[in-house]
Structure formats: C-alpha cells, structure tokens
Amino acid sequence: MFFHESVSEGARISLDPATDPDINMNSVKDYQINPNPYFSLMIRVNSDGGKYPELSLEKLLDREEQRSHRLILTALDGGDPPRSATTRIEIFVRDANDNFPVFSKDEYRVSVSENLPPGSSVLQVTATDKDEGVNAEVNYYFRSTAQSTRHTFSLDEKTGMITNNQSLDFEDTERYTMEVEARDGGGLSTQCKVIIEILDENDNNPEIIITSLSDEILEDTLPGMVVVLFKTRDEDFGENGEVCLRPRPGAQWPRLTPTWGPMAASPTPSWPATWSHGRWRPTCP
Ligand SMILES: [Ca+2]
Ligand SMILES: [Ca+2]
Ligand SMILES: [Ca+2]
Ligand SMILES: [Ca+2]
C-alpha cells in the first residue's frame, strides 16, 4: 500500500473489509489499529450496510525520515465474548521532490599552476539530494559565468568535474570565478561559487629593449656620455619577474660604467644589479 509523501493531512485510503461467516451481532462490528502518530482509523458503512475500515492521515509523511509504516489492523465481531483477527499493513511512502540539492561547500577554491596541461582535472563540485530516483539525480551547469571562463574550463554535467580546455596563463588571467548550479531531476536547484586561482610560473624570459644606441663613439669621448639606453622587462610575477643584469664574461661592457635610471637605487652603480618591479637592487640573486 502506498501513500505519496506530499499528501496533506486528512487524506484517506479505504482498506478491504474483514470477512466473518456469522451474521448479525456475531459478524464484524469494529476495527482498530495500533496507536501511532501518522494514521487514525475510521469505520465506514457501504451501501450494503457492511462496515469497512478507512485510514486517515493525521501527520504529514516524510519519506526521508521514514520510508515505510507498519500498522496492525484488528477486526472485532459483536459476539460475546468477541472474536478478533489481526493483519499487518505496510504503507510505503512514495517520494516527492521536496529536497533541494546541497553542495558539500558554499564556495570551492583551488590554486593551480599556469603550466597545468590542457585537459587536467582542476576541481570537482559535489551536491547531494536526500530524495530518491530522478528527484535525487543531480546535474551541474555553469550559471552567471563569463563566456571567456566557459571557454577556458568545461564542467562535466554528471560528475561536477571541472577541467581546463586550454593552457592557462597567469600573466593573462590570475583568477577565474564561476557560479555552478546543481539541479535535480524534478527541477529544484542550488548554486555555489567556484574560484580558481592561477599560480605564476617562470615561463617568461627577461627581455632587454634598447631604446637608444650611439652608432659610434669618438675615442676622446669624455666619461659620462650616454652611449646606450635600454630597459628590461619580464612578464612574470615576484622573483620570476626580476631581471639580473651582469656583463657577459670577457665582454667589453665592464669598461663602461652603468648609470642606473630612472629610479636609481644604488648610490654607487655597478654591475651586477637586479631590476625588480620598478626599482634597482645593487645585487643579483
Ligand atoms: Ca530533490
Ligand atoms: Ca522526498
Ligand atoms: Ca621570468
Ligand atoms: Ca609566469
């Protein structure tokens, strides 16, 4: 026997009457069930004057709390002394989609290297649903997520696994945020936030950019004349973006005195030196 989880209090279901070959007072006169919080019993009279029992729901059912209810129905006749018979009734509660999927976290956060190969697993989101069957089957979708992020990452609808479709670049994007929705087969949904932080790797070479160079230098040039202007650049972050300048062994450069600019940090400029995010440091690592 089944009751749907969503039925309201007062819902009724008729039970088969008991049989008793006796007649009149000695036939079935009354029915009882064991005391329980969910069901009460009412006695109905059909068109033939026969009595049959009817269950009435007294308290809302919750399949997630109790999936079945066992009752004992007793039929009594009107004899003296009365005779009785009992039967067991099992009532199964049919599921209603009354639970939302629930993520294991409100916010997922992970840090991955910008060298992560395309196609790698980055993060898995998981939502559970207390219902059963399709009401508990959860699929995952991107919501309120930038198109560029959807191109960079894919989300497995069934498993909630997020993988990178393409190579990552810290210098291009340091962090991605996305909203992931978990939706059950009955249409109830929940959202969570996912933050993927990209960690810098030393994947950029330092560059020397010559901005001005004298074609020739006269032999009687006085010290202090500028012969070459250059700047350095490295797209990486932190120490990966520092550029150490030192003359190549055997090169003629050491005979020229470097003059650091535009923000001189060394009172006595000399090789080697490190250009570190806008400032010179008079040493190299
Ligand atoms: Ca559900
Ligand atoms: Ca349910
Ligand atoms: Ca670098
Ligand atoms: Ca880098």
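So the values come out like this:
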{"read-out": "Number of positions in region 224-238 that are within 13 Å of ligand 4 (Cβ to nearest atom) and loosely packed, with under 12 Cβ neighbours inside 10 Å", "value": "1"}
{"read-out": "Enumeration of residues in region 129-148 that are out of contact with any strand residue (DSSP E or B) (no Cβ under 6 Å at 6 or more places or on another chain) and of a type in the set (Val, Ile, Thr)", "value": "VAL134"}
{"read-out": "Qualifying residues in region 178-231 (those that are within 16 Å of ligand 1 (Cβ to nearest atom) and of a type in the set (A, V, I, L, M)) - the one farthest from VAL110 (Cα to Cα)", "value": "LEU188"}
{"read-out": "Candidate set: region 148-187, residues that are more than 17 Å from VAL122 (Cβ to Cβ) and of a type in the set (D, E, K, R); chosen: the one surrounded by the fewest Cβ atoms within 10 Å (Cβ to Cβ)", "value": "GLU171"}
{"read-out": "Unique residue being touching a Pro at 6+ places or on another chain (Cβ under 6 Å), hydroxyl-bearing (Ser, Thr, Tyr) and crowded, with 17+ Cβ neighbours inside 10 Å when the list is THR190, THR145", "value": "THR190"}
{"read-out": "Strands (runs of 3 or more DSSP E) (entirely within region 29-114) containing at least 3 residues that are at pLDDT 95 or above, within 16 Å of ligand 4 (Cβ to nearest atom) and out of contact with any Ser or Thr (no Cβ under 7 Å at 6 or more places or on another chain)", "value": "107-113"}
{"read-out": "Unmet criterion (only one of (1) surrounded by 12 or more Cβ atoms within 10 Å (Cβ to Cβ); (2) not assigned by TED's automatic domain parsing to the domain that holds HIS151) for LEU123", "value": "(2)"}
{"read-out": "Any hit, region 120-140, residues being assigned to a strand (DSSP E or B), more than 16 Å from ligand 3 (Cβ to nearest atom), over 29 Å from the mean Cα position of the chain (by Cα) and among the aromatic types (Phe, Trp, Tyr)", "value": "no"}
{"read-out": "Qualifying residue in region 12-24 (condition: in contact with a helix residue (DSSP H, G or I) (Cβ under 9 Å, 6 or more places away or on another chain), in contact (Cβ under 8 Å) with a residue 40 or more places away in the chain and either surrounded by 13 or more Cβ atoms within 10 Å (Cβ to Cβ) or among the acidic types (Asp, Glu) (or both))", "value": "yes"}
{"read-out": "Checklist (1) part of a strand (DSSP E or B); (2) of a type outside the set (A, V, I, L, M); (3) over 12 Å from the mean Cα position of the chain (by Cα) applied to THR190, failing item", "value": "(3)"}
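One line per residue, one yes/no per condition, for (1) over 30 Å from ASP172 (Cα atoms); (2) touching a Gly at 6+ places or on another chain (Cβ under 7 Å); (3) at pLDDT 75 or above; (4) part of a strand (DSSP E or B):
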{"site": "ILE210", "(1), (2), (3), (4)": "no, no, yes, yes"}
{"site": "LEU222", "(1), (2), (3), (4)": "yes, no, yes, no"}
{"site": "PRO258", "(1), (2), (3), (4)": "yes, no, no, no"}
{"site": "THR268", "(1), (2), (3), (4)": "yes, no, no, no"}
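Conditions tested, residue by residue: (1) at pLDDT 95 or above; (2) under 25 Å from GLU235 (Cα atoms).
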| position | (1), (2) |
| --- | --- |
| ALA136 | yes, no |
| THR145 | no, no |
| THR149 | no, yes |
| LYS158 | yes, no |
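The values are calculated or read from the model by the stated rules, or taken from the named source; none is laboratory data. Values in this document were obtained by computation on a predicted structure and should not be read as measured data. Methodologically, a virtual Cβ is constructed for each residue, glycine included, from the backbone with ideal geometry; neighbour enumeration extends over all protein chains shown.
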